[in-house]
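Below is one structure, written out as structure tokens; the observations come after it.
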Amino acid sequence: MQLSDKHEGTTTKAFAGLRVLDFSTTIAGPHCARMLADMGAEVIKIETDGGETMRTRPPLRKGCSTVFGQLNVGKKSVVLDLKSEDGKEAVRRLAATADILVENFRPGVMHRLRLDYDRIRTVNPKLIYCSISGYGQSGPSAELPAYAPVIHAASGYDMAHLAYQPGRSRPDYCGIYHADVVTGTYGFGAIASALYQRTLTGLGQHIDVSMLESMLTLTLTELQSSQFAVKPPPRPMFGPTETANGYVMITVASEKTFQGLMGVIGRPDWISDPRFAAYAARRDHWADLMDGVEAWSRQLSTDVCLVALGAAGVPASAYRTVSEALADPQLAHREALSSVEDEGGSFQVLNLPFRMTGADTTPGTTMAVLGEHTDRLRAEIGLIDGGPIPSGKTAVQG
């Protein structure tokens, strides 16, 4: 039985019973909180009466954003005015019932709202309070405004990537926001760790996640080589290999795959060729090697190339669009997508990329309307119908 089959029928959620207050906007924080929701936590997304900016990002259907849905499915929606005393009191009371709080405002904002960790933990010392920001909560850059494209540039990632583009001198445009997804995922991991530690100590803590440092984790080799004056040796450059009707990506990362590739292209003599026999020599003559591979691949269609490479155990793939990737039968086998309903209709979202034998990790099936759960949650914490705070009422203890 495959791992992906073992969870069929499992209804257990690993984080069932946990409550999360999600103050985050845009991508990094909402991605983190969406992961918590998929794992079974009750995630309460707190917004202003206009809703957060991602609600208006295309693609839109009947005014509903599926990008917003991808990031926020499975969450409850509450509208609060955080600048009002009523809104602040609502947060304090909700925080008393919560296990986790996620926010990604610029450092200092929650302090000015009097909703920072030091104040909130007096209401609930078990609360795990996760702050996601561009550069961290303190330091000379802490208050600088930051979005993913800025962090890509600031981390050195863009220039490191440029170094692998022969003949290029201008950094690439930023269209895919790696920093947001990576940082949100680190936030999720840190929260999971803090939850375990809480079982030992009984206490929560403040988590400070930096987008800059998160993005730097993608520059493994570059981070190390930047520390030394010795110029690093050239390394294999994996890129598009032309076929008769497109391109394939071929990755040769071991002696076995190198030898298999040489057999496929009809050059077994190159296995002992001084230019390629040893990895160090192969690295120095990589362009010559790939020219030989391309002389073979240009005579064949992409599909034929992939069949031949696969039969020899050589890792390879066609260059696919996202639509083509989503049509891969492998994703259907793993049930990698789930259908979600909102006021605009149905759409699909990507599930978490891992499966668990003892827990269901699939997302919710509906998107909350802005403010849908405001009245019920206000009633739960003793703020009825948005009226004044009842006398004698105190924050509900969790």
Practice task
Return the pairs, sorted by first residue and then second, in which the second residue is open to solvent by less than 50 Å² (accessible area, probe 1.4 Å) and small (Gly, Ala, Ser), the first residue lies in the stretch 244-268 and is more than 14 Å from Val314 (Cα to Cα), the beta carbons are less than 7 Å apart, and the residues are 6+ apart or on different chains.
Solution key: Ala244/Ser301; Asn245/Ser301; Gly246/Ala318; Arg267/Gly292
Problem - Residue satisfying condition, being part of a loop (DSSP other than H, G, I, E, B), within 30 Å of Met35 (Cα to Cα) and at pLDDT 95 or above, within set Val369, Val349, Val314 - result: Val369
Practice task
Determine if the stretch 137-144 includes at least one residue that is surrounded by fewer than 16 Cβ atoms within 10 Å (Cβ to Cβ), out of contact with any Ser or Thr (no Cβ under 8 Å at 6 or more places or on another chain) and modelled with pLDDT under 95.
Solution key: no
Exercise for the section: Could you please give the count of residues in the stretch 326-346 that are surrounded by 12 or more Cβ atoms within 10 Å (Cβ to Cβ), of a type in the set (Gly, Ala, Ser) and out of contact with any strand residue (DSSP E or B) (no Cβ under 8 Å at 6 or more places or on another chain)? Expected result: 0
Exercise for the section: Name the one entry in Val67, Val43, Val78 that is at pLDDT 95 or above and assigned to a helix (DSSP H, G or I). Expected result: Val67
Completion exercise
The residue from Ala194, Ala244 that alone is open to solvent by less than 70 Å² (accessible area, probe 1.4 Å) and under 24 Å from Ile132 (Cα atoms) is Ala194
Exercise for the section: Only residues in the stretch 47-62 that are closer than 17 Å to Glu372 by Cα count as the first member; pair them with residues that are β-branched (Val, Ile, Thr) and in a loop (DSSP other than H, G, I, E, B), Cβ under 8 angstrom, at least 6 apart or cross-chain, and list the lot. Expected result: Glu52/Thr25; Glu52/Thr26
Exercise for the section: Could you figure out which of (1) buried (at least 22 other Cβ atoms within 10 Å of the Cβ); (2) of a type in the set (Val, Ile, Thr); (3) free of Cβ contacts under 8 Å to residues at least 12 places away in the same chain isn't true of Thr122? Expected result: (1)
Completion exercise
Restricting the stretch 276-324 to residues that are open to solvent by 60 Å² or more (accessible area, probe 1.4 Å), of a type outside the set (Asp, Glu) and within 33 Å of the chain's Cα centre (by Cα), the one nearest to Phe258 (Cα to Cα) turns out to be Pro315
Exercise for the section: Might you let me know whether the stretch 27-42 holds any residue that is over 20 Å from the mean Cα position of the chain (by Cα) and not aromatic (Phe, Trp, Tyr)? Expected result: no
Problem - Selection count, the stretch 346-373, where residues are among the small types (Gly, Ala, Ser) and farther than 23 Å from Met54 by Cβ - result: 2
Handout entry: Failed item, numbered, when Asp180 is tested on (1) more than 23 Å from the chain's Cα centre (by Cα); (2) open to solvent by less than 20 Å² (accessible area, probe 1.4 Å)
Key = (1)
Practice task
Go through the stretch 148-238 and tell me which helices (runs of 4 or more DSSP H), entirely inside it, have 3 or more residues that are within 26 Å of Val67 (Cβ to Cβ).
Solution key: 148-154, 157-162, 178-201, 211-216
Handout entry: Residue pairs meeting the criteria (Cβ under 8 Å; at least 6 apart or on separate chains; first within 16 Å of Glu42 (Cα to Cα), in the stretch 363-386; second loosely packed, with under 14 Cβ neighbours inside 10 Å and of a type in the set (Ser, Thr, Tyr))
Key = Thr365/Ser339
Problem - So Val396, is it modelled with pLDDT under 95 and among the β-branched types (Val, Ile, Thr) - result: yes
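The values are calculated or read from the model by the stated rules, or taken from the named source; none is laboratory data. Small disclaimer: the values here were computed from a predicted structure and weren't measured. Quick reminder, even Gly has a Cβ in these numbers, built from the backbone with ideal geometry, and neighbours come from all protein chains shown. For accessibility, only protein heavy atoms count, side chains too; no ligands or nucleic acids. Shrake-Rupley method; radii C 1.70, N 1.55, O 1.52, S 1.80 Å.
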